[in-house]
1. Can you confirm whether segment 299-317 contains a residue that is β-branched (Val, Ile, Thr) and open to solvent by less than 40 Å² (accessible area, probe 1.4 Å)?
2. Regarding GLY253, is this residue farther than 13 Å from ALA221 by Cβ, at pLDDT 95 or above and either part of a loop (DSSP other than H, G, I, E, B) or touching a Pro at 6+ places or on another chain (Cβ under 6 Å) (or both)?
3. Give segment 185-214 a look and list any residue that's part of a helix (DSSP H, G or I), within 23 Å of the chain's Cα centre (by Cα) and farther than 15 Å from ALA136 by Cα, or say none.
4. Every residue in segment 413-449 that is closer than 11 Å to PRO72 by Cα, more than 15 Å from the chain's Cα centre (by Cα) and open to solvent by less than 10 Å² (accessible area, probe 1.4 Å), please.
5. Counting only residues that are among the small types (Gly, Ala, Ser) and in contact (Cβ under 8 Å) with a residue 12 or more places away in the chain, which one in segment 117-139 is nearest to ASN492 (Cα to Cα)?
6. I'm told VAL165 meets every condition in (1) away from the ligand (no atom under 16 Å from the Cβ); (2) crowded, with 20+ Cβ neighbours inside 10 Å; (3) under 25 Å from LYS15 (Cβ atoms) except one. Can you identify the failing condition by its number?
7. Mind checking which residues of segment 49-97 are crowded, with 24+ Cβ neighbours inside 10 Å and of a type in the set (Val, Ile, Thr)?
8. Looking at GLY369 and the list (1) in contact (Cβ under 8 Å) with a residue 40 or more places away in the chain; (2) touching a Pro at 6+ places or on another chain (Cβ under 9 Å); (3) at positive phi, which single condition is not satisfied?
Amino acid sequence: MLQFLLAFALTADPKVPDTNVVIRNATIHDGSGEKPTVGDVHIAGDRIKAVGKVGKIDGAKEIDGTGLVVCPGFIDLHTHCDSGVQNKKTAANKNYVTQGCTTVVTGNCGSGPVDVAAYFKKLDEQGIGTNVIHLATHNDIREKAMGNENRKPTSEEQAKMEGLVEQAMKDGAWGLSTGLIYNPGTYSETEEIIGLAKAAGKHDGLYASHIRDESGGLLVAIEEAIRIGKESGCPVHISHIKASGKAAHGTSGKAVEVIEAARKKGQTVTADQYPYIASSTNLRATVVPTRYREGSSKDYVARYDDPVVGPKLKADIEKALNGRAGGKNIQIAGYAKNAKWNGKNIAAIAEEEKKEPIDIVIEIEKNGGAQIVNFGMTEEDVRVYMKQPWVATASDGGVQTPGDSVPHPRSYGTFPRKIGLYSIEDKVISLEQAIRSSSGLPADILKLTDRGYLKAGQFADVVVFDPKAYRDTATYDKPHQYAAGLKWVFVNGVAEVEDGKHQPEALGGKALRHGK
Ligand SMILES: [Zn+2]
């Protein structure tokens, strides 16, 4: 550690580390999906200097890579790290760095900072462990323009939203994201989004969407996203693709067909996925239909006791619970009001409390809501999506610190699970594809040209892991556990994991501005 810090301090440009490292005799996966080769990688400063056969380099630190894999740092297209990376205490982004993740994309599902210039400035000044890429956020932009209202925007409001998207793009956002099950974006019609996507497309941005329905209406929702791409001219990216709930089980093949058909017609359509059968979001978005979620939180809570609306709302929640094994499939991840429910499912809590599952939901909803883990997918559907060459790896997680919450393990385990368990152990996909889907492919989707590949001239975001040991250790019951088997992680040439040890003071990440 000391030598790297020292080198960092002595360099002429304080932003470029004086790193001089050769990783020798490693299995090189370059992110292209091609078969690996055995050779060396030379990192000098913040760049990859050479890949292949590297002679003796004066003064270079030598790392023996025999039996180890060296590959590009992983790019997570879909995270909710927005607040975590802005918090000085968690800016090292340890649960991502310790997976081998060197770049996270924030601003997903339509939510995150609207003022991109201010956000990036803060990250620059404070320092971050991973690089950060950001998207313009539909929900926050709509909230700013017209509040949490269930109606079409006026033409002035539409223009205001388009202006905010354009400003975000000029300040370095990489595209527009929507989260169409969340407020207030859920109240938008397709035309509104096409207008906003055009504003992003003007600046060569992509359209990334948490689509309107990931269950019974999955195919219609994918078609809506494809239409938005077609009419706006943006590449379309389906976030955390899945087939959730009984109504959707087995439909992954059909979803793939719909996407393939659009691709054959020349549209760019891609997706990302986390390698788990459970998803995670808030309880409200899972069991309360959007028509009850308009206005302030006070308005929302009052609806439960409204003589007309209350009974309908409760009946709809009952229906949602019935579709999730009476609440058995919903595990509480974080409920601030009563942490002892964290890690337990709603049916079990109800039994313990001698109440009905609906009463537990109402109690939680009246007291600020909760994050949940929802066991809604099948292993078959997860594997069908994973095999597609246009499906990237992404966690949908956030910055986590060990505590009494019981979050989805994906924030700690996405990359080692896909690469270690699904590829190396279960051989669902080849190791070259697993690595490509975590590096070169997400770089291509973003049109990020100087990262994502192990190639001379690229920024030195580099990972070294032991294929025999690189695995996720985070579980649904005990999620706060870091990945095993990771040896080295360089972010812009700065060693953030050294011989298996995380270096919390090493903040090599940068805010990456689109077009700059
Ligand atoms: Zn989402």
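The values are calculated or read from the model by the stated rules, or taken from the named source; none is laboratory data. If you're wondering where the values come from, they're calculated on a predicted model, not measured in any experiment. All Cβ positions, even for glycine, are placed from backbone atoms using ideal geometry, and neighbour counts span all protein chains on display. Calculation scope for accessible area: heavy atoms of the full protein, side chains included, ligands and nucleic acids excluded. Shrake-Rupley method; radii C 1.70, N 1.55, O 1.52, S 1.80 Å.
1. Of all residues in segment 299-317, those β-branched (Val, Ile, Thr) come to 301, 308-309, 317.
Applying the additional criterion that residues be open to solvent by less than 40 Å² (accessible area, probe 1.4 Å) yields 317.
Looking for residues that are β-branched (Val, Ile, Thr) and open to solvent by less than 40 Å² (accessible area, probe 1.4 Å), one finds at least one in segment 299-317, hence yes.
2. Working: farther than 13 Å from ALA221 by Cβ: yes; at pLDDT 95 or above: yes; either part of a loop (DSSP other than H, G, I, E, B) or touching a Pro at 6+ places or on another chain (Cβ under 6 Å) (or both): no.
Considered against the rule, which asks whether it is farther than 13 Å from ALA221 by Cβ, at pLDDT 95 or above and either part of a loop (DSSP other than H, G, I, E, B) or touching a Pro at 6+ places or on another chain (Cβ under 6 Å) (or both), GLY253 comes out as no.
3. Within segment 185-214, just THR186 meets the criteria.
4. Selection gives ILE435, GLY440.
5. Initially, segment 117-139 is screened for residues among the small types (Gly, Ala, Ser), giving 117-118, 127, 129, 136.
Restricting the remaining residues to those that are in contact (Cβ under 8 Å) with a residue 12 or more places away in the chain gives 117, 127, 129, 136.
Working: ALA117: 21, GLY127: 13, GLY129: 10, ALA136: 25 Å.
Restricting to residues being among the small types (Gly, Ala, Ser) and in contact (Cβ under 8 Å) with a residue 12 or more places away in the chain, the top hit is GLY129.
6. (3)
7. Hits for segment 49-97 are VAL70, ILE75, THR79, VAL85, VAL97.
8. Among (1) in contact (Cβ under 8 Å) with a residue 40 or more places away in the chain; (2) touching a Pro at 6+ places or on another chain (Cβ under 9 Å); (3) at positive phi, GLY369 violates only (2).
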